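Novice: My questions will all concern the structure given below.
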4 protein chains.
Amino acid sequence: MERIVLAFSGTLETSAAIPWLVEQHRAEVVAVTLDLGLGQDLEAVRHRALACGAARAHVLDVREAFARDYVLPALRAGAMAAAGSPLAVALSRPLVARQLVEIAALESATVVAYGSRHTADRARLERLLRDLDPSLAVVAPAAAAPLAPDRIGAYARACGIPVLAPDDAAVRIDRNLWARTVECGPGAALRQEPPDDLFELTRAPDATPDSAAYVDIVFECGVPTAVNGVPMPLVELIQSLETIAGAHGVGRSERNPRGAGAGWRDRREMFDAPAARTLVAAHEDLRRFVTPPVLDRAAAHLARTYADLVEAGEWFTPTRTAIDALVAAVEERVTGTARLKLFKGDCRVVGRHSAFGPPGIAPSRPAQPAGVRA
Amino acid sequence: MERIVLAFSGTLETSAAIPWLVEQHRAEVVAVTLDLGLGQDLEAVRHRALACGAARAHVLDVREAFARDYVLPALRAGAMAAAGSPLAVALSRPLVARQLVEIAALESATVVAYGSRHTADRARLERLLRDLDPSLAVVAPAAAAPLAPDRIGAYARACGIPVLAPDDAAVRIDRNLWARTVECGPGAALRQEPPDDLFELTRAPDATPDSAAYVDIVFECGVPTAVNGVPMPLVELIQSLETIAGAHGVGRSERNPRGAGAGWRDRREMFDAPAARTLVAAHEDLRRFVTPPVLDRAAAHLARTYADLVEAGEWFTPTRTAIDALVAAVEERVTGTARLKLFKGDCRVVGRHSAFGPPGIAPSRPAQPAGVRA
Amino acid sequence: MERIVLAFSGTLETSAAIPWLVEQHRAEVVAVTLDLGLGQDLEAVRHRALACGAARAHVLDVREAFARDYVLPALRAGAMAAAGSPLAVALSRPLVARQLVEIAALESATVVAYGSRHTADRARLERLLRDLDPSLAVVAPAAAAPLAPDRIGAYARACGIPVLAPDDAAVRIDRNLWARTVECGPGAALRQEPPDDLFELTRAPDATPDSAAYVDIVFECGVPTAVNGVPMPLVELIQSLETIAGAHGVGRSERNPRGAGAGWRDRREMFDAPAARTLVAAHEDLRRFVTPPVLDRAAAHLARTYADLVEAGEWFTPTRTAIDALVAAVEERVTGTARLKLFKGDCRVVGRHSAFGPPGIAPSRPAQPAGVRA
Amino acid sequence: MERIVLAFSGTLETSAAIPWLVEQHRAEVVAVTLDLGLGQDLEAVRHRALACGAARAHVLDVREAFARDYVLPALRAGAMAAAGSPLAVALSRPLVARQLVEIAALESATVVAYGSRHTADRARLERLLRDLDPSLAVVAPAAAAPLAPDRIGAYARACGIPVLAPDDAAVRIDRNLWARTVECGPGAALRQEPPDDLFELTRAPDATPDSAAYVDIVFECGVPTAVNGVPMPLVELIQSLETIAGAHGVGRSERNPRGAGAGWRDRREMFDAPAARTLVAAHEDLRRFVTPPVLDRAAAHLARTYADLVEAGEWFTPTRTAIDALVAAVEERVTGTARLKLFKGDCRVVGRHSAFGPPGIAPSRPAQPAGVRA
C-alpha cells in the first residue's frame, strides 16, 4: 500500500486532504505538523489529523533548526535588509521541504503532499522538494476539484470532518518564531493606515512606555549570542527580543504592492516582527562597522541575490551554498556589540563596539543602568 | 592687476586669506559669500570681508538654485537613500564651484581661491572647478605656512583682523537649507549616544507631542510640489517640512566611521535633517510603488553610483548627465501622493497613491481634514 | 464578420492556420509577411497565403525599421556584447508585434494570430502585444489539436493545402538582416565542432584570403554611418559589412547550453553574423575609448539588463525607455572611427580615433591603401 | 648596523640604489631577485648585486608559488576576463611583497626597499607591504634626488657601477611566467597597429601553420591539470600552452588608454600571453557551462571587484579572502574538459564536457588521437 507524507496544519484544506488522498491514491496518509513557533499547543492538531483518517500523525518542534539553519544564514547574509521584509514565510519553506523528505525516507513513502491552494507557494515547495530529492512525487490536493473553495465544505461534511471556516482568501496570517505576517488582498480596509488590531506582537507606539529602552546585543562571528549581557541560545534570544521590542512598539512594517504593467503584486504584506527588526538593525550596523567598504558593497549585492533565492524557493542550490561561503568569511569579523535604543516604535543603533572596528570610537556599555533588561 | 575671487564664509581662515592673497599675489580680492540657507543674516559677513581688505564683497542668496539644481536631482536619483546621509555638504560644493566660475568670468578674474584647510574638501572643489573651467587657476590659502592653525592667529592680528576663535578642528558644523551636519573626530564625547544638544532642528523625541502628525506630500514627475494640500515652491516646501518634522523629532541620524585596515574613516557624522528625512522617505516609497521591479533595481544600482559621484566632486561629468537622463525617464511616473506618519522621532509612510500605481490599493486621503495634527 | 491578422511565414504551420482560423472563428484572415532581410523573394509566400484561403495577403519590407528601431538601440546599449549573441531573433519579435497591432488597427481586426508552436516564443509575443494593445485578443493556432505535429499533415491535405515538409523540430534556422541563427537540440551531430555547412554567410576560415583586410567604421553618436570612407544608410552598411567580414570568415560563434539543475537550456545556438560581429566589436571599443570608466561600468551593468529584456519580450516597457535615455547621453560621445583587422575568422580592433578620446593616441587612417574596400 | 632588504632586478635604478642605501642609511643591503619566469639565467644579476656592494644577494625561483598562489586564484575568480588583461604585472606585486617581508624576517631587517620610479607601482607595493607587516619601514631609493633619471648615470659612475642604459621611460617591458607585457606612452609609434616585433611569444598570425590545432584542457575544481591528455604540474602546463598557442599566433591583445576628462590613462598596454589567453578562454567557457545562471552573474560581478583589487594592491585584504571563499564553492563544479581550436591568431572553444554540465551535449573527445596537430 502506498504511503503519503502530508504537511498538515489543521486547516480545512489540509484536513479534507486526508480522506481525499486515501480515496484517490488508496494510500496510507502520514500527517506531519511542524512547530515553527506558532505559540500554540499543537496536540489538538495532531488529534484532528488522526480524526480525519491519518494513519499516523507527528508533531515536531523544529524551532531550533528553523532559527539556526534558515533564519540565521539569511540574517548573516543581509537578506532581510535587502528584501525589506523578515522573509519569515519564505524561510520556513525549505525547512518544511526538508522535513517532508526526511520523514518520507523514514516512512518509506514515495509521495509527499502539501496543502496550500496558492499556486506560487506550491511551485516554490515543488522546486525545493525536487532539489532535495527528484525521485519523490509531489501531490497537491488543493488543486483537485472536490477541494475547491466552493465545494470543500460539502466534501468535508460528506467525509464526516468537522467543518471549520475555510481560510479567508483575502487575509492570510502566518506566525512563526521569526515574525507574524499578515497578507491582505486589495479592498476597502487597505485604504487607510493599517489598524492597530492587525498587530499582536507589538504594542501600538502611543501605548508604549514613556522612557526609552536600551538593548545591547552581542554577536560572535555574526551569530547573536547575548542580550543585555545575558548569554542565550538562539531561540530564547529571539523570544526575549520579541518581548522587549514588542513592548516598545518596535517591529511593525509593511511591504506594499508594487511594480507596473502586468506584474502588479496586488497584495499588501504587513509584518509584526520585533525580534527580526532589532536583530537586523543590530547586525547590519555592526557588519558595516567592521567590513571594508568594497567588501560591504559586494556583500550588499549578494544580499539582494540571497533574498531573491529565498523567495523563489532556490534554497537547496549551488548559488546559496556559494554565497554562504563568502558570508562566512565576512562574518568572521562581525564580533562585537551593538546597542539599540527602542522608543515609541522607533529603533536605532546608538553605539557599537568591535575589536575589528575603528579604535577611537567603539563605545563599551556606560556605567549607568539603562532601560529594559531581560 | 590680478583679480582673485575668494569663497568667503567669515571664518578666521577665510578672513586671514584676504590680506595673504593681496600680499602674495599682489591681487585685488573679490569676496563671495553664498546664502545656502544658513539661517543667519550674512550682511555682517560682507562687512567683515571689506574690513579684511576685500575690494568688493558679494552676498548671494542661492537657496533656490541649491534646492532646484543640486538637491532635487540627487533626491530624484535616490542618492541620499543610497548614501545613508543627506549629502548636504557634498551637494553644496558644485554650486560653490559654479558660482566662483561665474563670478570670475564677470569680474575678469583668472584665479579663484577657497578657504577650507581640509585636503579632501579642496581636492573635490578643485575637481569641480577644473571640470567647469580648466583654464582657471585655483589657490588654497589655508595650505600656506603663515595660515597654519598654530600661526594664523598671530598673522591675523598682524594684519589688524579681529581674531575670532579658530575653527574647532574636532567638530565641524555645517548648516544649509537641506540639513545641519555635525562631524566629530574620535574622542570621549563619542563613547555615548549623541547628546541632545548636538541637534538644533529636531526636538528630542521624548519632548515631542504625544499624538502623531500625518503629512501628505504631493510629487509631480518626482518633484515635491505640495504639503498637506498646499502647493509651495521648493525652498518653502523644504522649510515647511523642516518645521513640521523637526517638531516631532524626525530627522536625526548618524553615519559612523567604518571600513577596515588603512581606510578607516575616523570621523562620525551626525545629521539633523527633518526635511531630507521626510522627502527621501516619501520619494523612495512612491518611486518603488510605480516602477517596474527590474527598473527599480537598475535605478537603485545607479543611485549608489550617483551618491559616490556627489561625494567625490564629480558633478560636472558625463556620468552624472547620463544618469540624470535615465532618472528623468523613471520619474515621469513618480506622480502622486505619499502620506507620512510622524511620531516621537519615527517617520513612516502609511499610504501612497498614484495613477501609475496598482489600482486596488492606492488610498486617497480620507474624508477628515488634512494638515498637521500635533 | 470577425477579422484576424495572422503573421504568415509560409511554413506548414502558418499555412494550415489559415483554414483553421476561418473555420474556428468564422473569420476573415489577413496574412502579413514581413521581409526582415531573409534574402528571398516573398511574392511566392504571398500567393501561398491567398491559396490557403487568406482574404488578403500583405508583404512588407521592414528592413529599415528593423535596423533603425530595434537593432540599432540594442547595439548602442551594448546588449549584444552583454548577451554574447546577436539577439537577432529576439529583436525581430517587437517589430512583428508592432506590425500586427498596426495592421489590426488598419484592418479593424480585434484578433491577431501567430504561428509558432514554441511556447516561449508565444509567451514573449503575447507579452509584447499586450504591452502595445491590451485590448487585442491573441490566438495561437499551433496550440490547437488538429495542428499538432503528428496531425497537421492530414489536416492540411484535407484542406487542399500543398504539404511541405513540417519544420524540423531539432533544427530551427532563422535568417534576417542582422544574423543567421541556427538552433539545434541535443543529438549526435552536436558532439563535434559545428560543421562548416551549418554556416552560409561566412566562409570557413581556412578558405579565406591569405592577407588581412582592414575596415574603418565611422560612428556618429553611436550610429554607424560609413565604411571605409563611404557613407551608407544603415541597411546597406550592414549588408556591406556582411559581405566583407563574411569573406574573411568573421562572424561565426555559438552559445552553448548552460545552467544547472532543473534549468538546463538544452539547445545550442550557432550564429552566422558577420555584420553583427564587426559592428559590435567596433562600437564596444570606441565607446570604451571615450567613456569615463565609472560610466562605462554603469552602462555595462545596464547592457546586461537590456539583453535580458530583449530576450524576455519586455521591449515596450518603461525599463527599456529609461535605459535608452541613459544610452543616448552616453552615445553622444561615441563619435569617431574604429579600425578593424579581419583575418582568417579573427576580428580585432587595431586603431580608434575620436575627438572625445585621449589626444596623443588616436590614429587616423594611414596613407597606404589597406585591405578590402566595398 | 641596520639591514635593508632590497628587491633587486639588475636595472640601473636598482643597482645604484645599493650604494645609495649603504650611504644614506649606513645599512647592510641584502639584495633579493625573484625568478618569476623571466626566461633568463639570473646568476649574472646576483653577481651584479654583489658588485654594487650588496652584503648578500639571493636569487629565488618563485615560479611555482606565483602560478599556484597568485595566478591560479585570479584565473578561478575570472579576474583576467573581467579586466580584459592577463594582470601579469599586478599579480606579481603581492608575491614580491610577501618575499620581501619573509626575507626581512629571516634577515632580521626592519626596512625593505623597492626600486621602481613609478609612483603608482610604489603606492601599491607599499599598500601590500603594510597589509602584511605594518611595522616594516619601506624606502624608495628611486625617489631620491641623486637617483633621478638625469643624474643617476653620474651617480652610478661615481660609485664605480658599470652604467647600463637607463630604463626607457616610454616603453616598459615586463615578462613573467604568465605574460609578456609591453606598455608604451603616447607617441608616433602608436598611431598604427602594433608592429609584429613588439611580440616575442607569439608568431605573427600570417606566419603560422595553415591548419588548425586542437587543444584539450582538463580542469579539476577549476585547476588546469592536463593538456591533450597529458597531466602536468601548473608551471609546466603554462609553459606548454605558451609553446602551442604561441606557434598559432594566439595571445596577442592590447588594452587601450581610456576614460575622459582628467582621468585619461595615457598609456597603451600590449600583451603577449598565449598561455593566459587559452586558459582564460577554456576556464570561462567551462565555468559558464556548469554554473547556474544566477550564480554565474554574481560571480561575474565579483570578478570585476577581484580584478580591481588585484590592480590596486589590495591582495592581502578581507575582501579577497571573502571572494576566494565564494569562488572555491563555484569551482567545485568546474571539473571537465574544454577543447580549444587555435588558428591564425584566433582561439575559440569548440567543445566542452563535464559531469556537471547538460547531459545531452557534452562531447567527449572523438576517436581520433589527441595532441597538437599543427
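Novice: Does segment A:29-54 hold any residues that are touching a Phe, Trp or Tyr at 6+ places or on another chain (Cβ under 6 Å) and in a loop (DSSP other than H, G, I, E, B), and which are they?
Specialist: A:36, the sole residue that qualifies.
Novice: How many residues does segment A:308-353 contain that are polar (S, T, N, Q) and closer than 13 Å to residue A:212 by Cβ? Give the steps one after another, and end with the answer.
Specialist: Residues of segment A:308-353 that are polar (S, T, N, Q), as a first pass: A:317, A:319, A:321, A:335, A:337.
Next, only the ones that are closer than 13 Å to residue A:212 by Cβ stay: none.
Of the residues in that region, 0 qualify.
Novice: Then there's this: In segment B:55-74, is there at least one residue being of a type in the set (Val, Ile, Thr), modelled with pLDDT of 95 or more and within 18 Å of residue B:125 (Cβ to Cβ)? Write out each step before concluding.
Specialist: Residues of segment B:55-74 of a type in the set (Val, Ile, Thr): B:59, B:62, B:71.
Narrowing the set further to residues that are modelled with pLDDT of 95 or more leaves B:59, B:62, B:71.
When the remaining residues are screened for being within 18 Å of residue B:125 (Cβ to Cβ), the result is B:62.
Yes, that holds for at least one residue.
Conditions tested, residue by residue: (1) touching a Cys at 6+ places or on another chain (Cβ under 6 Å); (2) surrounded by fewer than 22 Cβ atoms within 10 Å (Cβ to Cβ); (3) within 19 Å of residue B:291 (Cα to Cα).
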| site | (1), (2), (3) |
| --- | --- |
| C:286 | no, no, no |
| C:290 | no, no, no |
| C:299 | no, no, no |
| C:308 | no, yes, yes |
| C:311 | no, yes, no |
| C:315 | no, no, yes |
| C:319 | no, no, yes |
| C:323 | no, no, yes |
| C:326 | no, no, yes |
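Novice: Would you mention how many residues in segment C:112-122 are surrounded by fewer than 17 Cβ atoms within 10 Å (Cβ to Cβ) and touching a helix residue (DSSP H, G or I) at 6+ places or on another chain (Cβ under 9 Å)?
Specialist: Kept after step one, since they are surrounded by fewer than 17 Cβ atoms within 10 Å (Cβ to Cβ), are these residues of segment C:112-122: C:118-120.
Filter once more, so that each one left must be touching a helix residue (DSSP H, G or I) at 6+ places or on another chain (Cβ under 9 Å): C:118-119.
Qualifying residue count, segment C:112-122: 2.
Novice: Hey, does segment C:353-370 have a residue that's more than 30 Å from residue B:327 (Cα to Cα), among the basic types (Lys, Arg) and modelled with pLDDT of 95 or more?
Specialist: At the first step, the residues of segment C:353-370 found to be more than 30 Å from residue B:327 (Cα to Cα) are C:353, C:359-370.
From what's left, among the basic types (Lys, Arg): C:365.
When the remaining residues are screened for being modelled with pLDDT of 95 or more, the result is none.
Taking every residue of segment C:353-370 in turn, none turns out to be more than 30 Å from residue B:327 (Cα to Cα), among the basic types (Lys, Arg) and modelled with pLDDT of 95 or more.
Novice: Can residue B:91 be described as over 18 Å from the mean Cα position of the chain (by Cα), crowded, with 24+ Cβ neighbours inside 10 Å and touching a residue at least 24 places away in the same chain (Cβ under 8 Å)?
Specialist: Values: over 18 Å from the mean Cα position of the chain (by Cα): no; crowded, with 24+ Cβ neighbours inside 10 Å: yes; touching a residue at least 24 places away in the same chain (Cβ under 8 Å): yes.
So residue B:91 fails the test.
Novice: Related question: Residues of segment B:314-331 being within 8 Å of another protein chain (Cβ to nearest Cβ) and part of a loop (DSSP other than H, G, I, E, B), which ones?
Specialist: Hits for segment B:314-331 are B:314, B:317.
Novice: Also, quick follow-up: Across segment A:273-298, which residue is farthest from residue A:81 (Cα to Cα) among those that are among the hydrophobic types (A, V, I, L, M, F, W, C), within 13 Å of another protein chain (Cβ to nearest Cβ) and in contact with a Gly (Cβ under 6 Å, 6 or more places away or on another chain)?
Specialist: The qualifying residue farthest from residue A:81 (Cα to Cα) is A:290.
Novice: State which residue is nearest to the other protein chains (Cβ to nearest Cβ) when the search covers only segment D:204-234 and only residues that are charged (D, E, K, R) and out of contact with any Asp or Glu (no Cβ under 9 Å at 6 or more places or on another chain).
Specialist: Going through segment D:204-234, the residues charged (D, E, K, R) turn out to be D:206, D:210, D:216, D:220.
Next, only the ones that are out of contact with any Asp or Glu (no Cβ under 9 Å at 6 or more places or on another chain) stay: D:216, D:220.
On the way: D:216: 12, D:220: 17 Å.
In this case the residue turns out to be D:216.
Novice: Of all residues in segment C:231-279, which are of a type in the set (D, E, K, R) and modelled with pLDDT under 95? Reasoning before the result, please.
Specialist: Step one: list which residues in segment C:231-279 are of a type in the set (D, E, K, R), which gives C:236, C:242, C:252, C:254-255, C:258, C:265-269, C:272, C:277.
Residues satisfying the conditions are C:254, C:255, C:258, C:265, C:266, C:267, C:268, C:269.
Novice: Take segment C:340-356 and flag every residue that is within 8 Å of another protein chain (Cβ to nearest Cβ), in contact (Cβ under 8 Å) with a residue 40 or more places away in the chain and closer than 18 Å to residue C:291 by Cα.
Specialist: If the condition is that a residue be within 8 Å of another protein chain (Cβ to nearest Cβ), in contact (Cβ under 8 Å) with a residue 40 or more places away in the chain and closer than 18 Å to residue C:291 by Cα, then C:352, C:356 are the ones that fit.
Novice: Here is a list of conditions, (1) part of a helix (DSSP H, G or I); (2) closer than 24 Å to residue A:207 by Cα; (3) of a type in the set (A, V, I, L, M, F, W, C); (4) at pLDDT below 95, and residue A:289 meets all of them except one; can you say which number that is?
Specialist: Among (1) part of a helix (DSSP H, G or I); (2) closer than 24 Å to residue A:207 by Cα; (3) of a type in the set (A, V, I, L, M, F, W, C); (4) at pLDDT below 95, residue A:289 violates only (2).
Novice: Here's a follow-up. In segment B:139-146, is there at least one residue being at pLDDT below 95, assigned to a strand (DSSP E or B) and touching a Phe, Trp or Tyr at 6+ places or on another chain (Cβ under 9 Å)? Write out each step before concluding.
Specialist: Step one: of segment B:139-146, the residues at pLDDT below 95 are B:139-146.
Next cut, assigned to a strand (DSSP E or B) only: B:139.
Filter once more, keeping what is touching a Phe, Trp or Tyr at 6+ places or on another chain (Cβ under 9 Å): B:139.
Among the residues of segment B:139-146, at least one is at pLDDT below 95, assigned to a strand (DSSP E or B) and touching a Phe, Trp or Tyr at 6+ places or on another chain (Cβ under 9 Å), which makes the answer yes.
Novice: Could you tell me how many of the residues in segment A:193-231 are surrounded by fewer than 17 Cβ atoms within 10 Å (Cβ to Cβ), assigned to a loop (DSSP other than H, G, I, E, B) and either free of Cβ contacts under 8 Å to residues at least 24 places away in the same chain or within 19 Å of the chain's Cα centre (by Cα) (or both)?
Specialist: 3
Novice: Quick test of your reading of the structure: residue B:134 fulfils all but one of (1) in a strand (DSSP E or B); (2) within 14 Å of chain D (Cβ to nearest Cβ). Name the failing condition by number.
Specialist: (1)
Novice: Is it fair to say residue A:168 is farther than 17 Å from residue A:40 by Cα, away from chain B (no Cβ under 13 Å) and modelled with pLDDT under 85?
Specialist: yes
Novice: Still on this structure: Answer yes or no as to whether residue C:64 is in a helix (DSSP H, G or I), over 14 Å from the mean Cα position of the chain (by Cα) and surrounded by fewer than 20 Cβ atoms within 10 Å (Cβ to Cβ).
Specialist: Values: in a helix (DSSP H, G or I): yes; over 14 Å from the mean Cα position of the chain (by Cα): no; surrounded by fewer than 20 Cβ atoms within 10 Å (Cβ to Cβ): yes.
Spelling it out, it is not the case that residue C:64 is in a helix (DSSP H, G or I), over 14 Å from the mean Cα position of the chain (by Cα) and surrounded by fewer than 20 Cβ atoms within 10 Å (Cβ to Cβ).
Novice: Hey, could you check segment C:345-360 for residues that are more than 25 Å from the chain's Cα centre (by Cα) and in a loop (DSSP other than H, G, I, E, B) and say which is surrounded by the most Cβ atoms within 10 Å (Cβ to Cβ)?
Specialist: Quick first cut of segment C:345-360, residues more than 25 Å from the chain's Cα centre (by Cα) only: C:350-360.
Next cut, in a loop (DSSP other than H, G, I, E, B) only: C:354-360.
Values: C:354: 18, C:355: 10, C:356: 16, C:357: 24, C:358: 20, C:359: 10, C:360: 16.
Result: C:357.
The values are calculated or read from the model by the stated rules, or taken from the named source; none is laboratory data. Every value quoted in this text rests on a predicted model; they were computed, and no experiment measured them. As a convention, Cβ positions derive from the backbone with ideal geometry for all residues, glycine included, and neighbour counts pool all protein chains shown.
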